[in-house]
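K.L.:
Quick one: the structure is below, questions incoming.
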Amino acid sequence: TEAEDPGMNGGYINPPPVKRQFRDPHADWWDKQERRNYGEPVHEDNDILGMFSPEEYTHTKPGKGLFQIGCFVAAVLGLCGVVSMTYPDKPSAPREFEGGLERELGGPAAVKV
């Protein structure tokens, strides 16, 4: 029943869910790669909390990240605007053919093959 086993894990002592990434990397761990000691109980969500799970990025806040993305988009659009205003037109006049390209493209006055 739920009263006998609230976590439904057979009475296993489940440690608090602390991601191994946030444990002290300089501590004297028995398993230095996984940052755990010998005999320490493993959380049932160890695949999510272990060292080989995706890293949580905590180096910036969401507001600052959106500001940086906005600055990048503004810089790219500004560069595109400056290039489109200063980009020269065609360097020369287009080629002209006498009577157009009717004869060259096989029009009604073209020589039959």
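K.L.:
Are there any pairs with C-beta distances below 7 angstrom linking a residue in segment 89-103 that is without any contact (Cβ under 8 Å) to a residue 60 or more places away in the chain to a residue that is part of a loop (DSSP other than H, G, I, E, B), with the two at least 6 apart or on different chains, and if so which?
P.N.:
Close Cβ pairs (under 7 Å, with a partner that is part of a loop (DSSP other than H, G, I, E, B)) amount to F97/E104; E102/A109; R103/A109; R103/A110.
K.L.:
Here is a further query. Right, G65: assigned to a helix (DSSP H, G or I) and of a type in the set (G, A, S) or not?
P.N.:
Details: assigned to a helix (DSSP H, G or I): yes; of a type in the set (G, A, S): yes.
It is true that G65 is assigned to a helix (DSSP H, G or I) and of a type in the set (G, A, S).
K.L.:
Restricting the search to segment 47-69, which residues are under 26 Å from M8 (Cα atoms) and open to solvent by less than 50 Å² (accessible area, probe 1.4 Å)?
P.N.:
L49, G50, S53
K.L.:
Determine whether segment 14-21 contains at least one residue that is open to solvent by 100 Å² or more (accessible area, probe 1.4 Å) and out of contact with any Cys (no Cβ under 7 Å at 6 or more places or on another chain).
P.N.:
Keep residues of segment 14-21 that are open to solvent by 100 Å² or more (accessible area, probe 1.4 Å), which gives none.
No, there is no match, as no residue in segment 14-21 is open to solvent by 100 Å² or more (accessible area, probe 1.4 Å) and out of contact with any Cys (no Cβ under 7 Å at 6 or more places or on another chain).
K.L.:
Which condition from (1) free of Cβ contacts under 8 Å to residues at least 12 places away in the same chain; (2) surrounded by 11 or more Cβ atoms within 10 Å (Cβ to Cβ) is the one that H43 breaks?
P.N.:
So the condition that H43 fails would be (1).
K.L.:
Something else about it: Quick check: anything in segment 23-39 touching a residue at least 24 places away in the same chain (Cβ under 8 Å) and surrounded by 11 or more Cβ atoms within 10 Å (Cβ to Cβ)? It would help to see each step written out before you state the result.
P.N.:
First pass over segment 23-39, keeping only residues touching a residue at least 24 places away in the same chain (Cβ under 8 Å): none.
No, segment 23-39 contains no residue that is touching a residue at least 24 places away in the same chain (Cβ under 8 Å) and surrounded by 11 or more Cβ atoms within 10 Å (Cβ to Cβ).
The values are calculated or read from the model by the stated rules, or taken from the named source; none is laboratory data. Quantities reported herein were computed from a predicted structural model and do not represent experimental measurements. Note that each Cβ is placed from the backbone with ideal geometry, even for glycine, and that neighbours are counted across all protein chains shown. These accessible areas exclude ligands, DNA and RNA; they are computed on the full protein's heavy atoms, side chains included. Shrake-Rupley method; radii C 1.70, N 1.55, O 1.52, S 1.80 Å.
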